[in-house]
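Colleague: Before anything else, here's the structure in question.
The values are calculated or read from the model by the stated rules, or taken from the named source; none is laboratory data. Predicted, not measured: the structure shown is a model, and the values here were computed from it. Positions of Cβ are generated from backbone atoms using ideal geometry, with glycine treated the same way; all protein chains shown enter the neighbour counts.
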Amino acid sequence: MMNKIKVTLSKDLRKKLGIRHFPISRGDMVKIVKGNRKEEGGKVASVDHRHGMVVIDGINIAKSDGKEKAFPIAPEKVVITKLDLTIPGREEMLKNMAASKNIQLSEEDIKETMVEPTPEPVEEVEAEEQSTEEETSEEYQEESGASMDEENEESEETIDEEEQNDNKE
């Protein structure tokens, strides 16, 4: 089993929670404090425990072919500004770590440190895709239906012409 990557908390979180480090997880809000990307930040997209790197949404690097790629950052170069406590057991771990320092956390302190849950827009996108697919299939049926009628008329005309030619002979 791999160890969790612990990241330094921001100064205001340290004051509220009484702890210096906390395991980073996808969904936490971070800020870069060292390197070329200093002062940038965002939500953690993934944590690579094998290589000890953190990938942040919106922090990309341009490749030579013009495409963009996620830019992994070392955990010592970031600080956590808000925690995602929706993950089961994480809030309890936070309380236990603070209690070991003889600090009792109030619900207000915990809510202030949390990342605001954002509604998932995935359902809306799926509904839009379904309606687009239905419209596309209806349009296709209409177009193909019209072309089929035209093809049937043309084929009937050629059959009539062939029959007339046969009758003449």
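Colleague: Can you find, within segment 4-15, the residue that is surrounded by the fewest Cβ atoms within 10 Å (Cβ to Cβ) among those that are touching a residue at least 60 places away in the same chain (Cβ under 8 Å) and touching a Pro at 6+ places or on another chain (Cβ under 8 Å)?
Modeller: So the residue we want is Lys6.
Colleague: So which of Gly41, Gly18 ends up being surrounded by 12 or more Cβ atoms within 10 Å (Cβ to Cβ) and closer than 22 Å to Glu108 by Cα?
Modeller: Exactly one residue qualifies, and that residue is Gly18.
Colleague: Would you please list the contacts, defined by Cβ atoms under 8 Å and residues six or more apart or on different chains, that run from a residue in segment 87-105 that is under 15 Å from Lys4 (Cα atoms) to a residue that is of a type in the set (Gly, Ala, Ser) and modelled with pLDDT of 85 or more?
Modeller: Sorted first by the residue in segment 87-105, then by its partner, the pairs are Ile87/Ser25; Ile87/Gly27; Arg90/Ser25.
Colleague: Ok, one more. Consider Lys15 carefully, then state whether it is within 16 Å of Thr113 (Cβ to Cβ), of a type outside the set (Val, Ile, Thr) and more than 21 Å from the chain's Cα centre (by Cα).
Modeller: yes
Colleague: Quickly run through segment 39-75 and pick out the residues that are assigned to a strand (DSSP E or B) and over 23 Å from Leu9 (Cβ atoms). Steps first, please.
Modeller: So in segment 39-75, the residues assigned to a strand (DSSP E or B) come out as 41-48, 53-62, 68-73.
Of everything in segment 39-75, those that are assigned to a strand (DSSP E or B) and over 23 Å from Leu9 (Cβ atoms) turn out to be Asn60, Ile61, Ala62, Glu68, Lys69, Ala70.
Colleague: Does Arg26 satisfy the criteria of being touching a residue at least 40 places away in the same chain (Cβ under 8 Å) and either part of a loop (DSSP other than H, G, I, E, B) or basic (Lys, Arg) (or both)?
Modeller: On the way: touching a residue at least 40 places away in the same chain (Cβ under 8 Å): yes; either part of a loop (DSSP other than H, G, I, E, B) or basic (Lys, Arg) (or both): yes.
When the stated conditions are applied, Arg26 passes them.
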